[in-house]
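Trainee: The structure is given below, and queries will be raised subsequently.
The values are calculated or read from the model by the stated rules, or taken from the named source; none is laboratory data. Treat the numbers as computed from the prediction; the structure is a model and nothing was measured. Cβ: placed from backbone, ideal geometry, glycine included. Neighbour counts: every protein chain shown. In case anyone asks, the SASA skips ligands and DNA or RNA and just uses the protein heavy atoms, side chains included. Shrake-Rupley method; radii C 1.70, N 1.55, O 1.52, S 1.80 Å.
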Amino acid sequence: MTDFSRRRVLRGMLNGAAVSVALPMLNCFLNDNGSALADGRPIPQRFGTWSWGLGMSEAIFVPKKTGANFDLPPEIAPIKPVQQHVNLLTNYHVFKDAAPNLCHHTGWVILRSGIAPLTAQNRPGETIDVTIAKKIGNETRFKNLSANATGDVRDSFSYENGNSVNTPEWSPIRFYQRLFGEDFQNPNASEFKPDPRIMARKSVLSGVMEESKSLTKSLGAEDRARLDQYFTGLRDLERRFDLQLRKPDPLEACLVPGKPEDLPAGLDADLVSKRHRIMTELMLMAVACDQTRVFNMFYAAAFSGTTKPGYDKPHHTATHEEAVDEHVHCQPNVSWYTRRAMEEWAYFVQALANVKEGGGSLLDNVFVFALTDQSFAKTHAIEGIPMFTAGRAGGRVKTGLHIDGRGTPGTRAGYTAMKLMGVDAASWGNQSNNTSKEIGEILV
């Protein structure tokens, strides 16, 4: 078996014509444990986020028991099939300090950026997916990918800065074409032919980069700095073009899906669920095919407009207008929406677990951070916003635990994610949200 490599192909004849077939990720390509490549390089680690809107009903969401084998109150009962794969984080706080509590905005912005926003339009800093993508996203075609199930291009919780929100994919057809259209290089294809359009773009860009060296000598310091910033972006493009000119290694988990159906617009819960599941399958194939290592999936927006069949109020309206039923300790219809969100979270986690990779699954080599925008949406509460994690991050994370944060900053979850992904940061967050403490209970 010593002559086998990940680039080995099988050759033969079919109907008189020569054919070749790339090999999948066989055990002989991996170490004895199936936990790394045979040459010692680790299986790539990935980071993702998942979001739902409008929080929870604490009395029927937060378990009474902490640690392993925690109880499942009614609102999180749908996660039972994946309970062993996730961690539930409760009683962590976000702190607005001198900033106002901006409805459906302050909570998620702090948890994703570490900084309290000053206005509803304010997006301070950058979200953690962007920070992590700068560390682990430079070797893939897409540095960072986002998709939502709402069908609305405006629904995104990811941004580079206040003026640069990362546009999510919102249509299954558009997402499929972007991922598996003309520029997709299938790592398991029998033949590889670089796209001449990309070759032309690369050669032109290389020429520009060479010419820039002589131009820089004649510029002042300020202009040189501006030009350097400009060419940093161009160098990133060149790197991405170069990736498209190389034959990818075969990947066992990479199976190009059939073209999905295009779904109608609308926010009926069943339609949102269907859209979420299609977008999930597309996103996970992009991850399995190593098209991206950083991804965001948005099930519902902060002002969720999801509708329930036979009920006249969409989710957000119901959180403010429906009375709390003291017998069931919640707003019954609002709770129905939360349970649907938890069903989709469970689907997302199980989909990760279903993708075989190495000696385990994609879930073994990913860390997903899931969060919402409020704790109790009726009063726009931001204390104790619930969060989840999923995945083992290459064996460095324990799962199946309920952790009580005891009022410590919720930014500890984001800081933990960044440290797991190799981001060198002594601390993260601003003012009361600043932390240098990981959530050690979930770390191996």
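Trainee: Taking the criterion of being closer than 28 Å to LEU420 by Cβ, in contact with a Phe, Trp or Tyr (Cβ under 9 Å, 6 or more places away or on another chain) and among the basic types (Lys, Arg), would at least one residue in segment 90-99 satisfy it?
Mentor: no
Trainee: Go through (1) buried (at least 21 other Cβ atoms within 10 Å of the Cβ); (2) under 16 Å from LEU420 (Cα atoms); (3) in contact with a Phe, Trp or Tyr (Cβ under 9 Å, 6 or more places away or on another chain) for ARG392 and report which single condition fails.
Mentor: (1)
Trainee: I'm checking my understanding of the structure. Among residues of segment 260-282 that are of a type in the set (A, V, I, L, M) and in a helix (DSSP H, G or I), which one is surrounded by the fewest Cβ atoms within 10 Å (Cβ to Cβ)?
Mentor: First, pick out the residues of segment 260-282 that are of a type in the set (A, V, I, L, M): 263, 265, 267, 269, 271-272, 278-279, 282.
Still in the list and also in a helix (DSSP H, G or I): 269, 271-272, 278-279, 282.
Numbers: ALA269: 21, LEU271: 17, VAL272: 26, ILE278: 22, MET279: 27, LEU282: 20.
That would be LEU271.
Trainee: Only one residue in ALA323, ALA341 is assigned to a loop (DSSP other than H, G, I, E, B) and among the aliphatic types (A, V, I, L, M). Which one?
Mentor: From the options ALA323, ALA341, the qualifying one is ALA323.
Trainee: How do the pairs read when you match residues in segment 312-328 that are touching a residue at least 40 places away in the same chain (Cβ under 8 Å) with residues anywhere that are of a type in the set (Phe, Trp, Tyr) and outside any loop (DSSP other than H, G, I, E, B), using Cβ under 8 Å and keeping only pairs 6 or more apart or on different chains?
Mentor: HIS315/TYR337
Trainee: What number of residues within segment 283-310 are open to solvent by 50 Å² or more (accessible area, probe 1.4 Å) and among the aromatic types (Phe, Trp, Tyr)?
Mentor: Result for segment 283-310: 1.
Trainee: Being more than 24 Å from GLY395 (Cβ to Cβ), outside any helix (DSSP H, G or I) and open to solvent by 20 Å² or more (accessible area, probe 1.4 Å) is the filter here; which residues of segment 409-435 pass it? Walk me through it before giving the result.
Mentor: In the first step, residues of segment 409-435 are kept if they are more than 24 Å from GLY395 (Cβ to Cβ); the result is 409-411, 426-427, 429-435.
Of the ones still in play, those that are also outside any helix (DSSP H, G or I) are 409-410, 426-427, 429-430, 434-435.
Correct list: PRO409, ALA426, SER427, GLY429, ASN430, ASN434.
Trainee: Six or more apart or on different chains, Cβ under 7 Å: which pairs go from a residue in segment 256-269 that's within 21 Å of ARG340 (Cβ to Cβ) and acidic (Asp, Glu) to one that's open to solvent by 60 Å² or more (accessible area, probe 1.4 Å) and modelled with pLDDT of 80 or more? Could you list them?
Mentor: Correct list of pairs: ASP268/PRO309.
Trainee: Can you tell me which residues in segment 171-190 are assigned to a loop (DSSP other than H, G, I, E, B) and not polar (S, T, N, Q)? Don't jump to the end; show me each part of the working.
Mentor: Going through segment 171-190, the residues assigned to a loop (DSSP other than H, G, I, E, B) turn out to be 171, 181-190.
Correct list: GLY181, GLU182, ASP183, PHE184, PRO187, ALA189.
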